[in-house]
1. Provide the FRET efficiency to the nearest 0.05 for the N188-T396 pair, computing r from the beta carbons and using R0 = 35 Å.
2. What does the helix-only formula give at 222 nm for the chain: each DSSP H stretch with n ≥ 4 adding -39500 (n - 2.57), the total divided by the residues, and the result rounded to the nearest 500 deg cm²/dmol?
3. Label-point separation (nm) for L71 and L138, each offset 7 Å from Cα along Cα-to-Cβ?
4. Apply the membrane-span-like helix rule to the chain: whole DSSP H runs, Cα extent along the own long axis of at least 27 Å, mean Kyte-Doolittle hydropathy at least 1.6. List the helices found.
5. For the chain, with the dipole built from +1 on Lys and Arg beta-carbon atoms and -1 on Asp and Glu ones, taken about the Cα centre, which of G205, N121, N265 lies farthest toward the positive end?
6. Which distance in Å, rounded to a whole number, links the C-alpha centroids of the stretch 338-396 and the stretch 467-525?
7. Under 5 Å between amide hydrogens, which residues at least 5 positions from V408 or on another chain qualify, with H placed 1.01 Å from N in the peptide plane?
8. Based on the Cβ-Cβ distance from D257 to T301, what FRET efficiency comes out when R0 is 25 Å, to the nearest 0.05?
Amino acid sequence: MFIVRLVQSWIVQFAAPVDSLGIGQLMLLASALGIYLVGLAVYRLFFSPLSRIPGTALSKLTVAKLNFDMLTGRAGRVAHADYYKHGDIYTLAPNFVVLNNPTDCRSVLSSHRFVKSPIYNIFALVDDCLFTTSLPELANARRKQIGPAFTHAHLAEMEPVILECGAKAIKRKWDTLIDQAGGTVEVNYAHHFSLVTCDILGTLGYGQRLNALQNNWAQLHSWVQRFNKLMMLKFVFGDPEHLPQRWLFRGLLKSKDKFIAFGNNSAQKRRDMLAKGMEKPKDILQALLDSEDPDSKIKMTPQQITAEITGFLDAGTDTTSQTLSWAIHSLMLHPQVYHKAVAEVRAKFPPTMDHTITYAEAKAMPYVEACIYETLRIQAVSGVPLPRIVPKGGATFQGFFLPEGIQVGVNIAGANHHMGTWDSPRKFMPERFVDNPGLKQNVFTFSSGVRTCPGRNLANYEMLTILANILKDYDIENPKDALFTPGRLDNHGNPVTMPSKQNLTIIPCYPDRDCRVIVRKAREY
């Protein structure tokens with residue numbers, strides 16, 4: 001590093017206005033810069049504490065590849081492939097190391113020693129919130145304030161809304177479409193799942209029944225999608241509030257402002273209605289308005305409530321809806337799994353029974369629940385590795401010492417496919433969770449430890465009830481022109497899945513083409 005520091009001092013010495021430098025000085029400055037870059041490259045490749053860690057030379061030299069993968073939506077696929085290529089640990093970018101071994105991942109996530117990277121600040125819409133904060137004190141305070149809203153007891157009180165806006169809404173929509181089409185209809189399940197999850201969270205988090213699926217109202221989901229795109233661009237190009245980014249991204253920034261205004265207005269509308277004597281509803285919005293830190297007894301400010309509400313909506317819509325989409329896609333690629341799941345549901349609830357399956361009833365169907373867990377495992381909708389900062393004193397993983405200040409990322413895709421944990425990790429095999437329910441603890445899609453997703457219970461309520469009721473009420477199959485079928489196999493002998501891209505979460509590249517199924521009302525099974 002002596003050479004690099006020496007050249008840095010030369011650059012500072014000659015860093016005068018260009019028009020005041022002679023030709024000789026410019027050549028010397030250019031030479032110094034060249035020597036600096038070569039010295040930096042040699043250091044990163046051969047002498048850095050990270051130089052012996054597996055990874056491509058390009059990733060060790062520059063952040064350009066990571067930025068390119070983020071910008072082009074390849075980051076999720078790359079994270080999955082990099083585990084199989086490099087193993088338990090690898091370098092993603094200079095000063096950014098990725099962990100795939102579940103033991104290492106738990107070590108990072110189990111406490112606040114490894115604080116969140118400042119990268120999370122790009123997700124802060126109006127204020128620091130539970131998802132974005134790197135401050136352990138704030139994270140703990142928020143969990144005390146927000147946690148009660150997502151307990152099973154509170155979710156049980158909200159379940160009628162979850163069912164009404166979720167499974168029942170899909171049944172009303174699909175029954176209407178089937179009747180209009182004369183018995184059989186093609187539906188885009190990805191689109192419908194996105195609308196019902198927005199409806200559920202819109203009702204519970206914003207206190208407004210949007211009827212998004214029934215009215216095909218996609219505005220809220222559009223705001224979420226555009227916000228996610230803005231955050232991806234912010235990751236690569238920096239703060240979009242500054243020129244020239246503000247001019248380039250002005251459309252996305254306007255959508256962000258509308259998204260925030262919707263949250264502000266919803267919370268204020270609830271306060272006004274409460275002031276007029278309205279009975280307090282059982283929902284997430286009310287839980288946030290009433291919540292207080294159990295130690296300080298301090299309530300959240302209006303700005304903080306808006307930050308949490310928009311954070312939950314952004315984090316909760318695509319993660320839940322896309323997991324459901326990947327579940328249906330996987331069932332269509334594995335007909336033996338589909339028929340086994342249908343048989344389990346209809347053995348208890350035949351199609352002729354006029355009944356909506358509840359969460360407790362769906363939870364009692366181990367194979368259906370296993371299908372959800374296997375989808376969460378094999379196609380985790382979490383994207384890039386979750387970055388944390390190595391604490392003072394450094395840390396050692398897989399025999400490599402990481403100095404303090406290095407970013408260390410937990411690769412959800414890698415942990416969920418870890419060959420030391422999972423038999424045949426590339427294979428969609430829900431039976432693994434039926435035979436060994438303890439394996440559920442090794443699925444990292446909702447993170448782990450002190451920063452586990454607080455909304456995971458709500459997501460499970462949504463996913464289990466929607467999937468179980470679809471399997472009860474409908475027979476579904478691939479359309480004849482489907483490109484991805486059980487007979488189209490990859491190099492590992494597994495069905496080829498539809499292509500994906502990353503928009504913060506892992507979503508299908510071409511949902512209008514690949515997320516279609518033929519639906520008819522269920523026959524006796």
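1. E(calc), rounded to 0.05, equals 0.10.
2. -16500 deg cm²/dmol
3. 3.0 nm
4. Qualifying helices: 23-42.
5. My answer, from the dipole projection, is N121.
6. Using only Cα atoms, the two centres lie 17 Å from each other.
7. Distant-sequence amide H within range of V408: V97, R388, I389, V390.
8. 0.80
The values are calculated or read from the model by the stated rules, or taken from the named source; none is laboratory data. Everything quoted here is computed from the prediction, not taken from an experiment. All Cβ positions, even for glycine, are placed from backbone atoms using ideal geometry, and neighbour counts span all protein chains on display. Ligands, DNA and RNA are stripped out before the accessible areas are found, and what is left, the full protein with its side chains, is counted by its heavy atoms. Shrake-Rupley method; radii C 1.70, N 1.55, O 1.52, S 1.80 Å.
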